[in-house]
Amino acid sequence: MKFARSLAFGAAALGTLAGSTFSASAAEALNIYTTREPGLIKPVLDEFTKETGIQVNTIFINNGLEERIRTEGENSPADVILTVDIGRLQAAKDYGVTQPVKSEALEKVIPAAYRDPEGHWFGIALRARVVYASKERVKRDKISYEELADPKWKGKVCIRSGQHLYNISLIAAAIAHMGEAKAEEWLKGVKANLAKKPSGGDREQAKDILAGVCDIGIGNTYYVSLMRNGKDEEQKKWGEAINVILPTFQGGGTHVNVSGLALAKHAPNKANALKFMEFMVSNDSQRIHAEANSEYPVKAGIAVHPTIASFGELKADNVSIAEVAKLRKKASELVDKVGFDQ
Ligand SMILES: [Fe+2]
């Protein structure tokens with residue numbers, strides 16, 4: 001059956017192909033389209049193959065994953081979409097490249113706040129968007145998101161582009177809490193406090209804190225673990241220069257986002273895909289995934305990575321991810337309106 005869907009395969013081969021060959025419908029196969037770094041998901045995929053004998057082909061597509069599957073149409077070899085951020089999961093649903101899944105196993109493990117009410121996407125792990133604070137210059141262990149707009153931080157805040165999907169989701173959560181008008185004032189206030197034009201990724205905010213450019217930055221939790229525990233000596237220094245403060249919204253908690261998965265609309269290996277989706281919330285895979293990615297397991301009772309645990313107990317926000325998804329467009333318009341990235 002290899003190359004039976006040669007057109008689709010040809011399109012796929014243009015990207016960075018991590019797996020070697022795609023067999024579209026062999027009984028033992030599963031094709032995963034992912035935006036995740038191959039190294040981060042390999043341990044859990046290896047375990048799946050070990051337990052089930054199902055051969056996993058991964059194709060890594062950083063940009064345009066949804067468009068790609070839509071272009072491939074009914075011939076798409078994609079079975080499962082594995083990606084990060086509600087922005088990308090929702091985009092897959094909006095592009096019409098997913099199909100709903102009804103699974104007791106998934107619904108039992110994943111709290112309703114972290115899956116699509118219609119079953120088009122499921123969060124398998126969580127990441128919090130937090131404050132990186134200079135160990136040297138910031139002596140506190142509490143902060144609210146609202147406070148980031150307080151003039152006492154003038155010239156002291158660093159952040160990546162407001163239009164990056166991680167920030168869009170955070171700003172969408174702010175709109176859910178404050179309403180649009182107050183969220184706009186808040187965003188203007190944060191912009192007025194910036195030490196420099198938004199740039200770089202989350203890790204660069206820690207780098208800038210070490211360099212003295214700013215005192216606090218906004219970033220995701222797992223990067224701190226990746227910086228501190230990785231092999232890059234420079235990044236180790238960035239990671240060690242900061243403390244993590246888990247900020248909260250007034251009347252809420254810490255903004256969390258999901259990494260998750262969806263069943264592709266024309267999945268040729270649907271049974272294997274469902275097996276994989278349910279495997280991803282098993283104790284084994286949740287533990288392996290949390291260890292490799294430094295994300296919070298979505299399943300209760302699974303240990304978090306020690307570096308992540310050292311940040312203190314996470315009190316996740318009460319705004320659901322599905323609600324955040326609905327407000328993302330407004331958030332993006334707000335970023336433009338206040339000229340956040342200018
Ligand atoms: Fe990331």
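A Cβ distance below 6 Å, combined with a sequence gap of six or more or placement on separate chains, defines the contacts here; from segment 97-111, residues that are of a type in the set (Ser, Thr, Tyr) reach residues that are open to solvent by less than 10 Å² (accessible area, probe 1.4 Å) in the pairs 98/92; 98/262.
Figure legend. Inter-residue proximity from segment 194-213: first residues within 13 Å of the ligand (Cβ to nearest atom), second residues among the aliphatic types (A, V, I, L, M), beta-carbon distance below 7 Å, spacing 6+ or different chains. Indicated pairs: 203/227; 205/159; 205/218. Quick check, is residue 44 in a loop (DSSP other than H, G, I, E, B), over 21 Å from residue 168 (Cα atoms), open to solvent by less than 20 Å² (accessible area, probe 1.4 Å) and away from the ligand (no atom under 16 Å from the Cβ)? The answer is no for residue 44.
Of the residues making up segment 110-147, those that are in a helix (DSSP H, G or I) and either surrounded by 22 or more Cβ atoms within 10 Å (Cβ to Cβ) or not assigned by the TED database to the domain that holds residue 249 (or both) number 3.
This table checks each residue for (1) in contact with a Phe, Trp or Tyr (Cβ under 8 Å, 6 or more places away or on another chain); (2) modelled with pLDDT of 95 or more; (3) open to solvent by 10 Å² or more (accessible area, probe 1.4 Å).
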| position | (1), (2), (3) |
| --- | --- |
| 233 | no, yes, yes |
| 255 | yes, yes, no |
| 261 | yes, yes, no |
| 265 | no, yes, yes |
| 302 | no, yes, yes |
| 321 | yes, no, no |
| 333 | no, yes, yes |
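Cβ-Cβ distances below 7 Å connect the following pairs, each with a first residue in segment 55-74 that is in contact (Cβ under 8 Å) with a residue 12 or more places away in the chain and within 18 Å of residue 29 (Cβ to Cβ), a second residue that is assigned to a strand (DSSP E or B) and open to solvent by 80 Å² or more (accessible area, probe 1.4 Å), and a separation of six or more residues or different chains: 60/16.
This table checks each residue for (1) in contact with a strand residue (DSSP E or B) (Cβ under 8 Å, 6 or more places away or on another chain); (2) closer than 12 Å to residue 262 by Cα.
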{"site": "70", "(1), (2)": "no, no"}
{"site": "80", "(1), (2)": "yes, yes"}
{"site": "102", "(1), (2)": "no, yes"}
{"site": "128", "(1), (2)": "yes, no"}
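Applying the condition of being among the small types (Gly, Ala, Ser) and open to solvent by less than 30 Å² (accessible area, probe 1.4 Å) to segment 156-178 and asking which residue is nearest to the ligand (Cβ to nearest atom) yields 169. Screening 188, 196 for residues that are outside any helix (DSSP H, G or I) and either open to solvent by 30 Å² or more (accessible area, probe 1.4 Å) or aromatic (Phe, Trp, Tyr) (or both) leaves exactly one candidate, 196. Across segment 62-109, the qualifying residues are those that are of a type in the set (Lys, Arg) and part of a helix (DSSP H, G or I), and the one among them that is most open to solvent (accessible area, probe 1.4 Å) is 108. Against the conditions (1) assigned by the TED database to the domain that holds residue 113; (2) in a loop (DSSP other than H, G, I, E, B), residue 311 satisfies every one except (1).
The values are calculated or read from the model by the stated rules, or taken from the named source; none is laboratory data. Since the model is a prediction, treat every value here as computed from it, not as a measurement. No Cβ is skipped: glycine too gets one built from the backbone with ideal geometry, and neighbour counts run over all protein chains shown. Note: areas computed on protein heavy atoms with side chains; ligands, DNA, RNA excluded. Shrake-Rupley method; radii C 1.70, N 1.55, O 1.52, S 1.80 Å.
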